[in-house]
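Colleague: Sending over a structure as structure tokens; questions will come in a sec.
The values are calculated or read from the model by the stated rules, or taken from the named source; none is laboratory data. Remember, it's a predicted structure, so these values are computed and weren't measured experimentally. Here the Cβ positions follow ideal geometry from the backbone for every residue, glycine too, while neighbour counts run over all protein chains shown.
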Amino acid sequence: MLQEDFFSSLMEKVDDVIWAVAYPHLQLEYLNPAAACVFGRPIQAFMEDSQLWLSIVHPDDRDDVAASHDRLLQQGQVERRYRVLRPDGEVVWIHDRAWLMRGAGAEPLRLFGIARDVTREMTEQQRLNSTLMLHRRFMESAPDPIFLIKVLPEGDFVFRYNNPAHRQQTGIPLEALRDQTPDTLLDATQAAAVKAHYRECVRLKRPVQYEERLDMPAGLRDWQTLLVPVEDTAGNVIELVGVARDITPLKEAERESRGAFVALDQLLQASPVVIYECQPTYELVPTYVSSSVERLFGYARSELLGHSVWHAMIHPDDATLVLAKVKAMLAGEGPIQLNYRLRHREGHYLRVQSEKRLISDEAGCPLKVVGALLDISHSYRLSQRLEKLAQQLPGFIYQYQLFPDGKACFPYASHTSLEIYGVPPEELADSDEAAFQAIHPDDQPRVKDAIETSAATLSHWQCEYRVMQAQGDPLWVEGSAMPERLEDGSVLWHGYIADVSERKRLQLELEASEARFRRLATLDMLTGAPNRRHFMQCFDAELSRVKRHGVDTCLVMFDADHFKRINDTFGHAAGDEVLKALVAAGQEQLRTADILGRLGGEEFAILLPDTSFDGAMEIAERFRQAIAALQVASGDASIRLTISLGVAAVRAHDSPDSAMERADKALYLAKTQGRDRVCHEGEVTSDVTID
């Protein structure tokens, strides 16, 4: 059987606070050493004061803790969570479990318990709650429909939430959606299609985008939906977040376009663009090509329709990238835009810009691929010339496009993007993500805010920020661009980014120098305390606050006793060291808001904002005691110092001179009464005058 000293040793070593209180007098019987660390007070203090524990409980929690004592006596055990205040002002969250021990006759003998510091847990919980609240506010205010789906362990799906935009556009209120499954909310066909998308997202564990047509209470609508999986710490998908967009007008336009196909073909004969349809397969065998193809590329339509010739027409150096994007489109990842070389029938290559889109039927089955080809050979040659010109410039020339869905890219970027962002233009053409990752984390929000403001107002964008470098200090750059809104709702900026690191370095050095000079102009060169001029400026400002708000403020005047004797005995150098030590020791006794200034020689003043008269007297006395305990080394000798202080309250009708005169008279009284003391203005009689 384990010995009693084993349990005693165990309780002495655990991090949790273990306590025991005798009943009914509630005298503390035992408190393990962990209490001193958690509560910031010695164990003996709790032993001597039975009310100390309750007195350090946060005022907002004290009544609940006191009430839990009655529940403990009634129920035999309680579990509570409350805050305590440490002497340093830190707030500590405590999780306390307490039990009642009864004697053989069921009479209460003692209370005992275990208390644990759960501050970190509570802080994390509060942070998490704040984050969740921000997410909820975002969803509530988002213009796009958003809905949440709980993924059950058995693979079923349950709707949890839809935002106001979803309720309005679908006609389904939150009460009708919550806790419903696709099978109970939709008809069988729609439910099966929806669950297939949900399962795919869960299986892939990555966002999935698709289009669907649903018959909702608000009507039959077409939707483009993005599903985002949410995983738990074990990597299991526990929730899906859906963001939908009503694309009914677009889908209706597509359906109407089928009926106008012939008329469109006639209109396209004079178009500089080649329009085509292909089978939805990797070979992209054409089923329709506008007649402009012969004029632009030299091929008769009969040579292309029904033949697998497109792969052979792509320039070998472009084929890998182009065909990879085609595979992604056929896999359902959305439309693609291509820029590549296509062979003319006569054998030379033309630079073309192409867009392809996969068209599916209402059931989601691929129908065809539609696209367009535009010969951009001339503009490409011009852009090449521009690129050569850009290479001669010290900065980065670019176009930046922000789309309505929030995605962005650089349609054009000169090769100096490598010098600025460390990213090649080809990567920037697909996404701006790499460029933003290169921006210093502290500057990213400011750059994004400036872009959003420029996009909203179509105003000139100008921003100065840092770009992280693989080696060395960050690069300071300055960007300038003019925006224009395009027909698709996107915003396109034409701009220039330059390296301004050297200018920024000089600017920062100048600002630092100015700050040093401003500081030197306000401080006493010997002691580092505010000089008389700066102290009086602070006094004027505080006096205005007293007159405007009626706050309590006090003034303390003091000087070193027999300071001339110190100079005569130990020398002026030692006297200077005494003054510096006096200021350093004195400032340790003051609060951040208090101002200690040197008025001249050994004369000083202290301004005490938001301080009552009694509080000022306590501070002055504490200040006096600290200086009296001070010893300043001078060679082999040790210099002791005392000060005399005068305290006066600052009144609304005061001027700086009148308040200082009253404090000075109190100081003089302290001198005449023997020095090394604190006197206040109330002790000064009318016959006291200052020599």
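Colleague: Has region 52-62 got at least one residue that is in the same structural domain as Phe39 (by TED's automatic domain parsing), free of Cβ contacts under 8 Å to residues at least 12 places away in the same chain and hydroxyl-bearing (Ser, Thr, Tyr)?
Modeller: Taking every residue of region 52-62 in turn, at least one turns out to be in the same structural domain as Phe39 (by TED's automatic domain parsing), free of Cβ contacts under 8 Å to residues at least 12 places away in the same chain and hydroxyl-bearing (Ser, Thr, Tyr).
Colleague: Filter region 546-567 down to the residues that are among the hydrophobic types (A, V, I, L, M, F, W, C) and within 48 Å of the chain's Cα centre (by Cα) and list them by number.
Modeller: Val546, Val551, Cys554, Leu555, Val556, Met557, Phe558
Colleague: Hey, another quick one. For Pro207, only one of the following conditions fails: (1) buried (at least 16 other Cβ atoms within 10 Å of the Cβ); (2) in contact with a Cys (Cβ under 8 Å, 6 or more places away or on another chain). What is its number?
Modeller: With (1) buried (at least 16 other Cβ atoms within 10 Å of the Cβ); (2) in contact with a Cys (Cβ under 8 Å, 6 or more places away or on another chain) applied to Pro207, the lone miss is (1).
Colleague: Of the residues Val632, Val578, which single one is in the same structural domain as Pro530 (by TED's automatic domain parsing), buried (at least 20 other Cβ atoms within 10 Å of the Cβ) and assigned to a strand (DSSP E or B)?
Modeller: Going through Val632, Val578 in turn, the sole match is Val632.
Colleague: Read through the list (1) surrounded by fewer than 19 Cβ atoms within 10 Å (Cβ to Cβ); (2) on the phi < 0 side of the Ramachandran plot; (3) within 40 Å of the chain's Cα centre (by Cα); (4) not acidic (Asp, Glu), then give the number of the only condition that Arg533 fails.
Modeller: Condition not satisfied by Arg533: (3).
Colleague: Looking at (1) of a type outside the set (Gly, Ala, Ser); (2) in a helix (DSSP H, G or I); (3) more than 23 Å from Thr119 (Cβ to Cβ); (4) touching a residue at least 40 places away in the same chain (Cβ under 8 Å), which is the only condition Val21 fails?
Modeller: The failed condition is (2).
Colleague: Scan (1) touching a strand residue (DSSP E or B) at 6+ places or on another chain (Cβ under 9 Å); (2) free of Cβ contacts under 8 Å to residues at least 60 places away in the same chain for the single condition Arg110 breaks and write down its number.
Modeller: (2)
Colleague: Further question: If I filter region 524-560 down to residues being among the aliphatic types (A, V, I, L, M) and in contact with a strand residue (DSSP E or B) (Cβ under 6 Å, 6 or more places away or on another chain), which single residue comes out as nearest to Val583 (Cα to Cα)?
Modeller: So, considering only residues that are among the aliphatic types (A, V, I, L, M) and in contact with a strand residue (DSSP E or B) (Cβ under 6 Å, 6 or more places away or on another chain), the one nearest to Val583 (Cα to Cα) is Ala529.
Colleague: Also: Output the residues belonging to region 552-567 that are crowded, with 16+ Cβ neighbours inside 10 Å and either without any contact (Cβ under 8 Å) to a residue 24 or more places away in the chain or assigned to a helix (DSSP H, G or I) (or both).
Modeller: Within region 552-567, Phe563, Ile566, Asn567 qualify.
Colleague: From (1) outside any loop (DSSP other than H, G, I, E, B); (2) touching a residue at least 12 places away in the same chain (Cβ under 8 Å); (3) not assigned by TED's automatic domain parsing to the domain that holds Tyr198, pick out the condition that doesn't hold for Lys150.
Modeller: (3)
Colleague: Where the second residue is of a type in the set (Ser, Thr, Tyr) and modelled with pLDDT under 90 and the first is under 21 Å from Glu294 (Cβ atoms) and surrounded by 14 or more Cβ atoms within 10 Å (Cβ to Cβ) and lies in region 364-377, which pairs have Cβ atoms under 8 Å and are six or more apart or on separate chains?
Modeller: Pairs that qualify, where the first residue is under 21 Å from Glu294 (Cβ atoms) and surrounded by 14 or more Cβ atoms within 10 Å (Cβ to Cβ) and the partner is of a type in the set (Ser, Thr, Tyr) and modelled with pLDDT under 90, are Val370/Tyr276; Gly371/Tyr276; Gly371/Ser354; Ala372/Tyr276; Ala372/Ser354; Leu373/Tyr276; Leu373/Ser354; Leu374/Ser354.
Colleague: For region 120-150, name all the residues that are closer than 22 Å to Ala34 by Cα and modelled with pLDDT under 90.
Modeller: Answer for region 120-150, where residues must be closer than 22 Å to Ala34 by Cα and modelled with pLDDT under 90: Glu121, Met122, Thr123.
Colleague: Check region 592-604 and report whether any residue there is aliphatic (A, V, I, L, M), in contact with a Lys or Arg (Cβ under 7 Å, 6 or more places away or on another chain), buried (at least 22 other Cβ atoms within 10 Å of the Cβ) and within 20 Å of Phe535 (Cα to Cα). Outline the logic, then answer.
Modeller: Our first condition is that a residue be aliphatic (A, V, I, L, M); within region 592-604, this holds for 593, 595-596, 599.
With the extra rule that they be in contact with a Lys or Arg (Cβ under 7 Å, 6 or more places away or on another chain), the set shrinks to 599.
Checking the rest, the ones that are also buried (at least 22 other Cβ atoms within 10 Å of the Cβ) come to none.
No, region 592-604 has no match at all.
Colleague: It is to be established whether one or more residues within region 416-434 are in contact with a Lys or Arg (Cβ under 8 Å, 6 or more places away or on another chain) and assigned by TED's automatic domain parsing to the domain that holds Glu487. Break it down stepwise before answering.
Modeller: Start the filter on region 416-434 by keeping residues that are in contact with a Lys or Arg (Cβ under 8 Å, 6 or more places away or on another chain), which leaves 431.
Filter once more, keeping what is assigned by TED's automatic domain parsing to the domain that holds Glu487: 431.
Yes, there is a match, as at least one residue in region 416-434 is in contact with a Lys or Arg (Cβ under 8 Å, 6 or more places away or on another chain) and assigned by TED's automatic domain parsing to the domain that holds Glu487.
Colleague: Related question: I'm trying to understand the selection: among the residues of region 41-56, which are over 40 Å from the mean Cα position of the chain (by Cα) and not polar (S, T, N, Q)?
Modeller: Ile43, Ala45, Phe46, Met47, Glu48, Asp49
Colleague: I would also like to ask the following. Within region 132-147, work out how many residues are touching a residue at least 60 places away in the same chain (Cβ under 8 Å) and not in a loop (DSSP other than H, G, I, E, B).
Modeller: Summing the residues that are touching a residue at least 60 places away in the same chain (Cβ under 8 Å) and not in a loop (DSSP other than H, G, I, E, B) in region 132-147 gives 2.
Colleague: Which residues, counting only those in region 413-439, are closer than 30 Å to Ile247 by Cβ, buried (at least 20 other Cβ atoms within 10 Å of the Cβ) and out of contact with any Cys (no Cβ under 8 Å at 6 or more places or on another chain)?
Modeller: Scanning region 413-439 gives a single hit, Ala435.
Colleague: Also: How about region 600-629: which of its residues are in a helix (DSSP H, G or I) and either in contact (Cβ under 8 Å) with a residue 40 or more places away in the chain or touching a strand residue (DSSP E or B) at 6+ places or on another chain (Cβ under 8 Å) (or both)?
Modeller: Taking region 600-629 as the starting set, the residues that turn out to be in a helix (DSSP H, G or I) are 613-628.
Correct list: Phe613, Gly615, Ala616, Met617, Ile619, Ala620, Glu621, Phe623, Arg624, Ala626, Ile627, Ala628.
Colleague: Something else about it: Looking only at residues that are under 56 Å from the mean Cα position of the chain (by Cα) and without any contact (Cβ under 8 Å) to a residue 40 or more places away in the chain in region 568-583, which one is nearest to Ala620 (Cα to Cα)?
Modeller: First, pick out the residues of region 568-583 that are under 56 Å from the mean Cα position of the chain (by Cα): 572-583.
With the extra rule that they be without any contact (Cβ under 8 Å) to a residue 40 or more places away in the chain, the set shrinks to 572-573, 575.
Details: His572: 27, Ala573: 27, Gly575: 23 Å.
Filtering region 568-583 for residues that are under 56 Å from the mean Cα position of the chain (by Cα) and without any contact (Cβ under 8 Å) to a residue 40 or more places away in the chain, the one nearest to Ala620 (Cα to Cα) comes out as Gly575.
Colleague: I've got another one for you. Inspect all residues belonging to region 192-214 and state whether any of them is of a type in the set (Ser, Thr, Tyr), part of a strand (DSSP E or B) and in contact with a helix residue (DSSP H, G or I) (Cβ under 6 Å, 6 or more places away or on another chain).
Modeller: Initial filter on region 192-214 (of a type in the set (Ser, Thr, Tyr)): 198, 210.
Within this subset, residues satisfying the condition of being part of a strand (DSSP E or B) are 210.
Those still in the list that are in contact with a helix residue (DSSP H, G or I) (Cβ under 6 Å, 6 or more places away or on another chain) too: 210.
Scanning region 192-214, I find at least one residue that is of a type in the set (Ser, Thr, Tyr), part of a strand (DSSP E or B) and in contact with a helix residue (DSSP H, G or I) (Cβ under 6 Å, 6 or more places away or on another chain), so the answer is yes.
Colleague: State the number of residues belonging to region 478-506 that are within 14 Å of Tyr421 (Cα to Cα) and touching a residue at least 60 places away in the same chain (Cβ under 8 Å).
Modeller: Selection size over region 478-506: 4.
Colleague: Somewhere in region 154-170, is a residue assigned to a strand (DSSP E or B), over 30 Å from Gln27 (Cβ atoms), touching a residue at least 40 places away in the same chain (Cβ under 8 Å) and of a type outside the set (Gly, Ala, Ser)?
Modeller: Yes, that holds for at least one residue.
Colleague: Give me a count of the residues in region 78-114 that are among the small types (Gly, Ala, Ser) and in contact with a His (Cβ under 7 Å, 6 or more places away or on another chain).
Modeller: 0
Colleague: Okay, next question. Kindly provide the set of residues from region 317-333 that are closer than 17 Å to Ala429 by Cα and in contact (Cβ under 8 Å) with a residue 60 or more places away in the chain, ordered by number.
Modeller: Correct list: empty.
Colleague: For region 308-329, state whether one or more residues are at pLDDT below 90 and part of a loop (DSSP other than H, G, I, E, B).
Modeller: Scanning region 308-329 turns up at least one residue that is at pLDDT below 90 and part of a loop (DSSP other than H, G, I, E, B).
Colleague: Out of contact with any helix residue (DSSP H, G or I) (no Cβ under 6 Å at 6 or more places or on another chain), in the same structural domain as Tyr282 (by TED's automatic domain parsing) and more than 28 Å from Gln399 (Cβ to Cβ): does that describe Arg345?
Modeller: yes
Colleague: Among residues belonging to region 466-503 that are within 27 Å of Gly406 (Cα to Cα) and of a type in the set (Val, Ile, Thr), point out the one that is modelled with the highest pLDDT.
Modeller: Val491
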